[in-house]
Amino acid sequence: IYEEVMPCDRMELSQRLAVEELITTEASYVHNIQLCVLEIRAHLQKKQLPDLDLEGLFSNTDDILHVSRRFLKGLEAMATQKDEQLLCISALFQDFKEEMETVYKIYCASYEHALLLVESYRKDPRLQEEILETLNTTVPHTGASDLSFFLVMPVQRVTKYPLLLGKILENTPTSASAYPALQAAVRTMAQVNANINEYKRRREVATKYNKAEHLTLRDRFARLNTHSIAKKTTRLSRLFMHEAGIVAKTEDREYDVLEEKFQCVVSSVAVLKENVASYLGHLEAFLLPTPHKCELQINEGPAQQYHRFAEYLHCTVFPEFVSAASLYISFRVTAKHCSHTFCQETSSPAAMLKQQLKALKWAVGRGVGGGSSVTYDEEAAMNTYLAINALLVAELPRFNQAALQLLRQILCSLSALQRDLAAQVLHRAEEELEQMPHGHMPLPGFWQMVEDTLQHSGAQLRTFCQTFETVTPSPVTQPLNPAEERKVLSLVSKHGPDKLYQVTSNISGSKDLDLTLQRGQIVALLQSVDTKGNTSRWLVDAGGPRGFVPAGKLQPYCPVQSQQPEMQMPPLESSTERRRHSYVSPEAPRPQLATFTPAFQVVAGFSFAARSPQEVSLQAGQPVVVLEPHDKKGSKEWSLVEVNGQRGYVPSSYLVTIPVQEPTGWSLPV
């Protein structure tokens with residue numbers, strides 16, 4: 001009897017020790033993950049090292065910690081149970097299998113990337129020193145010399161679950177009631193590990209093809225060989241056969257629906273990004289005018305109220321709105337984070353879509369599922385297609401759902417901000433309106449009052465304009481200022497005195513190419529007809545700007561003989577009539593004008609060095625005699641002059657026309 005009892009006791013003891021090992025190692029594992037997340041990562045975050053990729057290092061350890069805490073709590077609750085303990089443990093693994101597979105497959109797929117980051121940080125002395133300082137500060141008792149000590153724990157733990165359950169199963173009699181449940185739990189966790197490995201393989205395939213999309217042109221040429229050229233040629237020929245209908249196409253409706261939704265999300269994000277950028281740009285353009293900065297000579301009344309209201313909008317309301325919009329509608333940052341997370345899980349959907357299509361065409365062209373014999377390369381292509389297709393079909397629904405939720409949140413935030421902005425502006429406007437004289441007047445009566453006021457003001461303005469146009473200006477004169485004298489001299493030198501006209505009344509340009517001129521301004525006539533042949537609109541030069549003005553508001557400009565001394569002028573200018581600077585009534589007869597020659601002198605405004613025998617050198621300020629104001633081809637850019645008995649060409653822009661003496665009698669009407 002003793003010999004029969006002892007093996008059973010040893011099996012029961014081993015079983016109890018295996019259960020205790022499962023619980024104690026799970027508790028130790030959860031404690032280490034807590035240290036990794038709450039101590040190590042938090043300490044590194046406080047350092048704010050720009051070159052340290054914490055998201056790439058620790059991946060989704062927060063999700064793993066959340067699941068493991070709940071799993072440990074369930075194991076500890078079963079520690080006191082004896083009869084049903086094994087059944088409860090088996091059921092617990094069955095309950096957590098989906099959550100474990102979800103969180104661990106993401107972590108295991110990004111584990112290789114985390115190791116590459118750790119290796120790169122070892123080569124950076126500054127980063128390595130910061131990491132070691134963090135480990136010595138937070139977890140000195142572990143003796144860890146690198147982050148890989150903690151990063152490998154989730155990978156080791158998920159692969160150890162089938163072994164721990166298998167150890168419990170080995171020490172459980174086959175006749176026990178919990179034996180089938182333990183067997184199912186072992187198979188479940190083994191399947192979880194198999195699914196994780198398959199997901200990791202798919203990710204590696206997708207990453208390989210994603211890297212190929214980012215190769216430079218030189219790298220692509222370097223990868224060309226007879227094998228790759230043959231593959232591409234075969235793929236291209238099969239594509240032509242598919243398009244021509246020679247080979248039937250295989251359709252994947254599930255994938256087609258997902259791809260259509262994905263493309264719709266991509267276009268929606270692009271449109272939203274463009275619209276929000278345009279909206280913010282229009283808002284900035286709206287804020288460019290700053291009426292509140294204008295100095296008003298009115299200390300009270302509606303004008304001052306509008307001044308305060310505009311200042312409130314520009315300095316308080318709209319800056320706060322722009323700041324909130326930048327905070328809540330910064331979908332670029334959010335979308336970048338979302339796409340980065342999805343790329344970690346699916347390795348760039350857009351790139352994989354292209355590669356999936358390539359693999360699909362190749363696989364279908366060679367008879368996937370048709371039972372025909374395939375080569376090793378064809379089988380590899382089919383496996384690649386199946387891996388990428390399975391990954392996309394599994395992950396695209398999650399991405400589409402997350403993207404749509406993100407877009408919905410952005411639109412809701414924008415609508416809420418717009419509603420708050422309108423309410424804030426309306427509330428302040430109502431406060432200002434109550435203080436205005438007509439603030440309590442009914443709206444129809446207010447608009448009627450505005451219309452009557454505008455009509456009355458318009459009638460007054462028309463009467464004033466008619467009176468102003470018909471009143472004959474006083475012949476009283478006032479001297480020209482130096483700027484006006486220089487302008488008149490410039491117009492005389494360019495167009496001649498006989499082309500000068502004086503504006504008899506203010507001119508306000510209302511069309512394109514029309515000039516706005518003040519009464520008394522001097523202009524030079526260029527053409528006595530506009531581009532449509534209308535002789536009532538003349539093209540004039542106002543001493544800089546050129547444009548059209550009404551011919552009826554111009555009169556010839558020339559000084560009176562009695563007030564101008566007779567002066568000599570070089571051959572450059574011809575004799576013209578001039579009279580005193582004053583307005584003449586249209587009804588009054590024009591005075592008898594006398595012919596005279598005002599004395600002007602042409603001098604060199606700048607020094608010029610002759611570069612050929614046909615040119616002549618000049619010194620700044622040197623008097624010259626202009627023989628011809630153009631060259632032999634008629635170009636006015638060069639002038640033929642005589643200097644110290646020498647003749648030659650000089651640039652016309654180097655010549656300046658000045659009066660011989662200070663001109664007298666130049667005046668403008670009052």
Set Ala91, Ala190, Ala109, Ala176: member being of a type in the set (Gly, Ala, Ser) and over 20 Å from Glu21 (Cβ atoms):
Ala109
Would you check if Arg187 is in contact with a Phe, Trp or Tyr (Cβ under 9 Å, 6 or more places away or on another chain), among the basic types (Lys, Arg) and at pLDDT 90 or above?
no
Segment 520-541, residues that are touching a residue at least 24 places away in the same chain (Cβ under 8 Å) and either closer than 21 Å to Phe468 by Cβ or touching a Lys or Arg at 6+ places or on another chain (Cβ under 6 Å) (or both)
Gly520, Ile522, Val523, Ala524, Leu525
With the requirement that a residue be within 14 Å of Glu642 (Cβ to Cβ) and either within 56 Å of the chain's Cα centre (by Cα) or part of a strand (DSSP E or B) (or both), what does segment 611-624 give you?
Glu615, Leu618, Pro623, Val624
Considering residues that are on the phi < 0 side of the Ramachandran plot, of a type outside the set (A, V, I, L, M) and touching a Ser or Thr at 6+ places or on another chain (Cβ under 9 Å), the number found within segment 511-536 is 6
Condition check: under 22 Å from Glu55 (Cα atoms), in the same structural domain as Leu22 (by the TED database) and modelled with pLDDT of 90 or more. Does Ala114 satisfy that?
yes
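Identify, please: which residue in segment 592-606 is part of a loop (DSSP other than H, G, I, E, B) and either among the β-branched types (Val, Ile, Thr) or open to solvent by less than 70 Å² (accessible area, probe 1.4 Å) (or both) and is, among those, modelled with the highest pLDDT?
Residue satisfying both the conditions and the ranking: Gly605.
Residues are listed down the side, and each one gets a yes or a no for (1) modelled with pLDDT of 70 or more; (2) outside any helix (DSSP H, G or I); (3) in the same structural domain as Lys105 (by the TED database); (4) surrounded by fewer than 14 Cβ atoms within 10 Å (Cβ to Cβ):
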site: Ala303; (1), (2), (3), (4): yes, no, no, yes
site: Tyr312; (1), (2), (3), (4): yes, no, no, no
site: Cys315; (1), (2), (3), (4): yes, no, no, yes
site: Ala335; (1), (2), (3), (4): no, no, no, no
site: Trp362; (1), (2), (3), (4): no, no, no, no
site: Ile388; (1), (2), (3), (4): yes, no, no, no
site: Asn400; (1), (2), (3), (4): yes, no, no, no
site: Ala403; (1), (2), (3), (4): yes, no, no, no
site: Ala416; (1), (2), (3), (4): yes, no, no, yes
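Determine, yes or no, whether Tyr179 is hydroxyl-bearing (Ser, Thr, Tyr) and either at pLDDT 95 or above or buried (at least 19 other Cβ atoms within 10 Å of the Cβ) (or both). Before you say what the answer is, go through the steps one by one.
Working: hydroxyl-bearing (Ser, Thr, Tyr): yes; either at pLDDT 95 or above or buried (at least 19 other Cβ atoms within 10 Å of the Cβ) (or both): no.
Answer is no for this residue.
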With respect to Ala109, is the statement that it is surrounded by 16 or more Cβ atoms within 10 Å (Cβ to Cβ), modelled with pLDDT under 90 and assigned to a helix (DSSP H, G or I) true?
yes
Some residue of segment 128-143 being closer than 29 Å to Val19 by Cα, free of Cβ contacts under 8 Å to residues at least 60 places away in the same chain and not basic (Lys, Arg)
yes
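So if I check each of Arg69, Arg10, which one is open to solvent by 70 Å² or more (accessible area, probe 1.4 Å), in contact (Cβ under 8 Å) with a residue 24 or more places away in the chain and not polar (S, T, N, Q)?
Arg69
The values are calculated or read from the model by the stated rules, or taken from the named source; none is laboratory data. It should be emphasised that the depicted structure is a prediction, and the values quoted were computed from it without experimental measurement. Note: ideal-geometry Cβ built from the backbone for every residue, glycine included; neighbour counts use all protein chains shown. All accessible areas refer to the heavy atoms of the entire protein, side chains included, with ligands and DNA or RNA removed. Shrake-Rupley method; radii C 1.70, N 1.55, O 1.52, S 1.80 Å.
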